[in-house]
Every structure is written in structure tokens, then in C-alpha cells.
1. Can you find, within the range A:367-379, the residue that is surrounded by the fewest Cβ atoms within 10 Å (Cβ to Cβ) among those that are part of a loop (DSSP other than H, G, I, E, B) and in contact (Cβ under 8 Å) with a residue 60 or more places away in the chain?
2. Name the residue that is nearest to residue A:149 (Cα to Cα), counting only residues in the range A:386-407 that are of a type in the set (A, V, I, L, M, F, W, C) and modelled with pLDDT under 95.
3. Is there a residue in the range B:62-83 that is aliphatic (A, V, I, L, M) and at positive phi?
4. Given the conditions (1) more than 14 Å from every other protein chain (Cβ to nearest Cβ); (2) crowded, with 21+ Cβ neighbours inside 10 Å; (3) within 19 Å of residue A:404 (Cα to Cα); (4) of a type in the set (Lys, Arg), and given that residue A:344 satisfies all but one, which numbered condition is not satisfied?
5. Which residue is nearest to residue A:322 (Cα to Cα), if the candidates are limited to the range A:257-282 and must be touching a Gly at 6+ places or on another chain (Cβ under 8 Å) and small (Gly, Ala, Ser)?
6. For the list (1) more than 23 Å from residue A:163 (Cβ to Cβ); (2) outside any loop (DSSP other than H, G, I, E, B), I need the number of the one condition that residue A:382 fails.
7. Can you tell which of A:399, A:360 is in a strand (DSSP E or B), away from chain B (no Cβ under 14 Å) and of a type in the set (Gly, Ala, Ser)?
8. Scan the range A:370-402 for residues that are of a type outside the set (Phe, Trp, Tyr) and within 19 Å of residue A:326 (Cα to Cα) and report the count.
Amino acid sequence: MTTGKRGSQRPSRRAFIGLAGAAAAGSLHPAARAQTADAIRDLGETPSDYGRPSPFEDSKRWSRAPDATASSSNTPLADLEGIVTPSGLHFERHHTGVPAIDPDTHRLTIHGLVERPLVFTMDDLVRMPSASRFHFIECSGNSAREWSPAGAPNVQMSHGLASCSEWTGVLLADLLDEVGLKAEASWIVAEGADAGLMSRSVPLERALDDVMIAYGQNGEAVRPEQGYPLRLLVPGCEGSISVKWLRRIEVAHMPSMARDETSKYTDLLPDGKARQFTLVMDAKSVITRPSGEQKLDGPGFVEIRGLAWSGRGTISRVEVSTDGGDSWVDAEIEGPRYAKAFTRFRSPWRWDGGRHVLMSRATDDTGYVQPTLAALLETRGRSTIYHNNRIKAWEVHESGEVTNAEA
Amino acid sequence: MRRRSSRLAFALLFVVVAARADDSEQTGLGSKPTAEELGAAGYTVFPDGKGLPEGRGTVSEGKAVYQQFCAACHGRNAEGDEAAALVGGRGSLTSERPRKTVESYWPYATTLWDYVRRSMPYESPGSLTNDEIYAVVAHLLNLMGLVGDEDVLDRESLPKIEMPNRDGFVPDDRPDTD
């Protein structure tokens, strides 16, 4: 029922792909064959070494600054189904580019307030007891444009600095057990092997809880943009603390007060004080279909779909409104419901062809309810940048076009 | 290993574990680094000065380093250009347009040292010597009025610098909405 902007605004796309395919050297491109849909009796492609999406699909990450200065890209959430983000569409945020690291030479050193400093090769880490867990990662700057009522025009721009993968690796608690903690240990400081040696401090209590050292993502090696060959994964917490290209962990008596936990990723309040180590990403949800820049092609049945997540646990409830928040109905939570992971919600709706404002509101298993923008502004003022988990509204117009709505 | 298949095995395990002075969950994987390897692995600088290396730098030396490596992006007087302003902004944090600079916002001078060492200059991080880092930090703190023209910064003096916003941070007290 919904068609994306790309479909409605670029009617020649399939023809273009077909031409591009036909021009490819040697073989007939499958997209070119599809132009004569009723005559597909030609033999298909032979197996390939690494499969790619159909040439009819063009899901892409989006970058605010698509040039050499770019340091982030957003996941096309509206294109996704289920709870897993394909690895190649996982959002990116890096401060000094993506390093190319040979896993054979990569080492993880754990030292500091430990009984036995140790150096681990990738082989060592893969030999250790492993765990696989679904977790979202969300940049705490996600939805930063949503502090203004106008907000971003589509869900990729408004919420796309969040993604969810199945991560595989070693529990940090197991590694810290290998090195043995000294009594004064109270924090760990993680360091990446990127050009700027990105570094963040993690409270020891959290480090010993569910933090992972991940080498696997969605069944294969972690992608380079996500920290290949090794990344820290601090479930439920702001993305920057999940240090990528992890090379060193120093067990310490205090946080290092690194630039990215003082100057950045702190939250300035109206009284001039700033909250620090605001690690947890609070419960949040967003409708991905219908969402901004999509178009409904006529009245009738529409399944409202979206994603919800909480850094404190599982999603216990998602409510959906089609009248700008005057009334709410419980959405169905369908599919897996893991802690600190994307959770898919769906709600049947019959569009009457009129103007409607669609909203979703998540509640997690601590009882926390996703707030409105007004509630966030009232408590935090207008100077915070990070941790915007406001209720997001989309407006369906009589034309079927969907835009950002002033909530 | 925890099934206690025989008392002997369990006793042997206990001996092995006791030798590593910890409980029975260890794999023994990973290797012990030499002191040299450990030194090369890297380090962290902490607010109390732990981790700061030998070296020293003066304000005047730092001015030269700054002009050579930093001014092109941060401005001639660290007032900001392509890259962030480093000085100024004191008193602005409660205003409608807070100016969060090293001077107005950063709680620790050691963070400046640590960040310059890690990540600056942007195009060639890691290229400054420890003396150059002490010097450029001294120059910046001098621009902020936090060290005198003749002061020398080193591992002893740097952690003693009190930044203006030292007490400007509070713990996370969320959830903060009803």
C-alpha cells in the first residue's frame, strides 16, 4: 500500500537499471531480462561467491555530508523488515575514518589494575567461550534534529543512527576473569585502533554485566565500518561507548574523562550543569511505515509498522495513535522481543483517505514511557543535543503523501 | 570441568587453578606481554595525572607549535574556524547560545593533553612529541588565563590546573520525565 519516494519520483528507475545491466560486459543482466516479464524462460544466473540484493532494490545508507568530511551515515529504517539491520546498512559513525586492519596482526591488550596483563590474538578470542546476542546500537546524537518541532522529513534522517544486529563474541567478564581484577579496579578504559585512538570509559559494574567483545555480526565477521576485527559492545548504551577496532582495555581506578565523555556526549541542562555518563538509551519507538516521504496509493487497509527499543530492558508495550495522540491502541508486538534490541510492532489500520497524524509510544519493562518533545524540553531545556527519544509524529495528507508532522 | 568426574581430576584442577590464583573459569588463553610490549601497547592519561609521560613545555614553545599545527583549523587565537573554538565562552553555559569550549566546558586539563596526543593534528595524529604536547597545552591554557607566561607544564604541574568548569558535571539522574 505504501510506495517509497524513490518509486514515485523516479519512474524510469527500472528502465535505467535494465539499460545498465544490458551494457554490462558479457552476460545478460537479470534486470534486463525482467523487462520482458512474460517470457522469462532463459536460464538464470549460476551461484555466486557472495550474494547481493536484487538489482531492483536500492536501499542505501544516507550521509548528511556525502564527501570527505562525512563521519556518519544513517540506516534506511523504512526499508527494513523484522528486527535485524543488514550489516551493509548498519549506520556508521566514526571520528577519524575506517581503518583497514589485518586480523592476523591485530591484538587486544588488557592491562592496568590486573593481576596478569594479557595480550589476545583473534585466534585466542575465537577459541574462548562465545555468546551471540541481538542488540541495537544507537548513536546518542540520533534524532538530534528532532529537538525542533519541525524535525527531519523522513525516518532515515530522523532515526537512522540506530541499527540492530546479532553480535557474537566473548563476554568481557570472562576476559577480565582471565586477567584477574585488583581490588582498586572500578572502571575500564577502552581504546580503538583508528587514527584518533577513540577512547571511552565504562564503569566496571557495567563491564562485568553484559558487555561483549564482538567479532561476529549477523553471522559473519564484524564489518569494517563496525569495528573489524573486534569491537566493544555495551548493550543498551550510547553507541560511542561501544569502541570499535578495539585494541586495548586498561582497567583503572577512575574514568579517564576522555574528550568524548566530557566535551562531547554530555548533556547541558538549563542551570549550566551537564549530566555526564548518561550512557543508557531510554525507550524509543518510531513508525517506519507509513513514514515521511512515503505515499499511500489509495484508501484502504494499511499495516502500520515500526520499531521500538529500550536500553534498560525489553519493550513491554507499544501504542499507536492515528489521531495525533487523542486516542491510542495497543500495537501487536510480533516476532522476537529481546532485551536491548529492536522490537517490531504492527498495527492494522484502514485509511479513510482523510488527514491523519500517526504516532507511536513505547513502554519498557521498567515501566518507563516514551515522552513527548514538550516533556523532554521542560526537564532538559533547549541546550541538550543527545538522547532525544521524543514521540515522533507523521502526517498522512489527503493526497496520500506522508510528511513530518509537528507533534 | 565442573562435573567433578573424579575426585582426582578435581584435585588436580584445584592445584592448577590455585597456581593462577583465581577461580576455575579461566581458559588460560592469551599471552603474557613483555614489559616492552606492554609499554608499546599504549596508555591512558587520567585526571589525577596517572599516565602522563616525562616531558615539559613552555607557553612560548607552545605558541610556535600551535601556529604550525593547529591555527589553520582552530583559528589564529584558538577562537575557532573550520574546527571548534578552544577558548572563550565562559559564563555562556546558561545562556540561549552556550559556547562549549575547552575553556568554558572541559573539566580537566589532562583531557586536553590526552586528546591532543590521541587525535591531533587531525590529519596526522600522533605526530607531536610529548614536549610539543605539553607546550601547546601550556599555550592554550595561557590564552585562557590559567597559566602564566613563564610557566612550564609537565606531569607534575598539568594535573594541578583547575579548569573553570571543573564542578560543572553531575551524574545521570534519568529517567527525568513522568
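The values are calculated or read from the model by the stated rules, or taken from the named source; none is laboratory data. Keep in mind the model is a prediction, meaning the values are calculated, not measured. Heads up, the Cβs are rebuilt from the backbone with ideal geometry, glycines too, and the neighbour counts pull from every protein chain shown.
1. Initially, the range A:367-379 is screened for residues part of a loop (DSSP other than H, G, I, E, B), giving A:367-368, A:370-372.
Among the residues that remain, those that are also in contact (Cβ under 8 Å) with a residue 60 or more places away in the chain are: A:368, A:370.
Values: A:368: 20, A:370: 26.
Looking at the filtered set, the residue picked out is A:368.
2. First pass over the range A:386-407, keeping only residues of a type in the set (A, V, I, L, M, F, W, C): A:391, A:393-394, A:396, A:402, A:405, A:407.
If we keep only those that are modelled with pLDDT under 95 as well, we get A:405, A:407.
Numbers: A:405: 8, A:407: 7 Å.
So, considering only residues that are of a type in the set (A, V, I, L, M, F, W, C) and modelled with pLDDT under 95, the one nearest to residue A:149 (Cα to Cα) is A:407.
3. We begin by selecting, within the range B:62-83, every residue aliphatic (A, V, I, L, M); these are B:64-65, B:71-72, B:78, B:83.
Filter again for at positive phi, leaving B:78.
Yes, that holds for at least one residue.
4. Exception for residue A:344: condition (3).
5. That would be A:274.
6. Of the numbered conditions (1) more than 23 Å from residue A:163 (Cβ to Cβ); (2) outside any loop (DSSP other than H, G, I, E, B), the odd one out for residue A:382 is (2).
7. Working: A:399 fails: in a strand (DSSP E or B).
Exactly one of A:399, A:360 is in a strand (DSSP E or B), away from chain B (no Cβ under 14 Å) and of a type in the set (Gly, Ala, Ser), namely A:360.
8. Just the residues of the range A:370-402 that are of a type outside the set (Phe, Trp, Tyr), to begin with: A:370-385, A:387-393, A:395-402.
Next, only the ones that are within 19 Å of residue A:326 (Cα to Cα) stay: A:370-375, A:390-393, A:395-397.
Matching residues across the range A:370-402 total 13.
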